[in-house]
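Scroll down for the structure; my scribbles are underneath it.
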Amino acid sequence: MLATYASDPTRTRGRLYGEDESAFREPFQRDRDRIIHSSAFRRLKHKTQVFVEHEGDYFRTRLTHSIEVAQVARTISGALGLNSHLTEAVALAHDLGHTPFGHTGEDALDALMAPYGGFDHNAQALKIVTSLERHYAEWDGLNLSWETLEGIAKHNGPVAGDLPYALAEYDARHSLELDSHAGAEAQVAALADDIAYNNHDLDDGLRAGLFTVEDICALPIIGDAFAEVDAKYPGLDAKRRRHEALRRVFGVMVSDVLVTSKRLLQEANPGSVEDIRALGRPVIRFSDGLWTDLKVIRKFLFTRMYRAPSVVEMRKRVTAVVEELFPLFLAQPELLPADWHTDLERARGDDTALARLVADYIAGMTDRFALDTHKRLVDGR
């Protein structure tokens, strides 16, 4: 049974292009399935989360991260009486727009695209599902439901001020009401993202040897989790001890979101998803106390993991890859694959259109493909 404030699939705002709905799948299930079968989703397998894809088989990639986010989001969504299919669709799609090399690649591409409207991975995810995926006979994109598109565009909150180029371009022809919060399902996907990466980045950082268990036991939440494990399982081997402790940290975050969000929903007493959008504030949140603790953990991860010397050195190397590929394709767009040449003909004579086409191509690359392309076209010159 869905809560009154959940997104009701029988009352969806529909799709940009009209089509017959499935006889055995609700609209948001269909959206989820289209995302899973998309080319962009498969490419996440070889895209950086923190470590570049070839650095180790056990580290998270964008694909495994997205799957973990979806699992957390389904759990929270179900416990709150929300539509778990919509939540899962947004969670699985939220990182589709990431470039090769994660945020490092995005930062490099955004700087290169500054004269042409910049680059934003959330906006790029929307462009992928509304335009760049080209498999269907009757339309470009995946023709997802309005609610799924809304969640992709603004799961992190309202989008105000100067809109990212790709987001403004789509919103001009199909308004996603960017000045309001999304429904609760998309808000759940955003918090599930925080839960997943806070937890798995600790695990990956330990595995990479960037810090020790003793280091993180000084952090809030984590020290208590290890103490609880040691009390219950004295003498447990290091690998199992770490796993048992981090799963407790995971549980603390999920439980906190559930308790806090149930209270906020009860106080707001929304009667519909439209009431959620009109509140002017999120209803899916961490408690103030846990959020304070998480900021301490995130600061530690930033210093000891995201800015670790080995990670910074790799950031420099992959930044150079993007910085050298972009001007090369801009100067010699004929180097783009043949199936991009129709779009290339449309872009000729328009510097911004050409730059955005090149950005779309580079953003779609996997880590491995970007490195191989750079080796072939730049190093091989």
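The values are calculated or read from the model by the stated rules, or taken from the named source; none is laboratory data. Everything numeric in this text was worked out from a predicted model, so none of it was measured. Cβ: placed from backbone, ideal geometry, glycine included. Neighbour counts: every protein chain shown. All accessible areas refer to the heavy atoms of the entire protein, side chains included, with ligands and DNA or RNA removed. Shrake-Rupley method; radii C 1.70, N 1.55, O 1.52, S 1.80 Å.
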Item to check | Inter-centroid distance (Cα atoms) of the range 58-87 relative to the range 316-381, Å | outcome: 33 Å
Item to check | Whichever aspartates and glutamates have a C-alpha closer than 20 Å to that of K295, once near sequence neighbours (fewer than 8 apart) are set aside | outcome: D193, D194, D201, D203, D204, E214, D215, D224, D256
Item to check | the range 265-360: trypsin sites (Lys or Arg not before Pro) in DSSP loop, at most 16 other beta carbons within 10 Å | outcome: R307, R348
Checklist outcome for this item: Listed residues S287, S145, S175; largest mean-square fluctuation, Gaussian network over the chain with Cα springs below 10 Å, found at S175
Next on the checklist: Along the charge dipole of the range 221-278, pointing to its positive end and built from +1/-1 on Cβ of Lys, Arg, Asp and Glu, which listed residue (L264, I276, G223) has its Cα farthest out?
Outcome noted: G223
Item to check | Charge sum, other residues only, whose C-beta stays under 12 Å from E106's C-beta, Lys/Arg counted +1 and Asp/Glu -1 | outcome: -1
Item to check | Accessible area (Å², per residue) of the range 292-381, counting only protein heavy atoms and a probe of 1.4 Å | outcome: 54 Å²
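Between their Cα atoms, which of K47/K154; K154/K262; K239/K262; K45/K316 are more than 25 Å away from each other?
Values: K47/K154 23 Å; K154/K262 22 Å; K239/K262 35 Å; K45/K316 22 Å.
Beyond 25 Å between Cα atoms: K239/K262.
Roll a 1.4 Å probe over the protein chains and send me the accessible area per residue for the range 108-169 in Å².
Accessible area per residue: 38 Å².
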Item to check | Whole-percent carbon and sulfur share, accessible surface of the chain, 1.4 Å | outcome: 50 percent
Checklist outcome for this item: Expected field for D339, accessible surface area in Å² at 1.4 Å probe radius, rounded to 10, holds 120 Å²
Checklist entry - Of the chain, which part is the longest with no chymotrypsin sites (Phe, Trp or Tyr not before Pro) in a loop (DSSP not H, G, I, E, B) and with at most 11 other C-beta atoms within 10 angstrom? => result 59-381
Next on the checklist: Checking the a/c ratio against 1.5 first, then a/b against b/c, what shape does the Cα gyration tensor give for the range 115-161?
Outcome noted: oblate
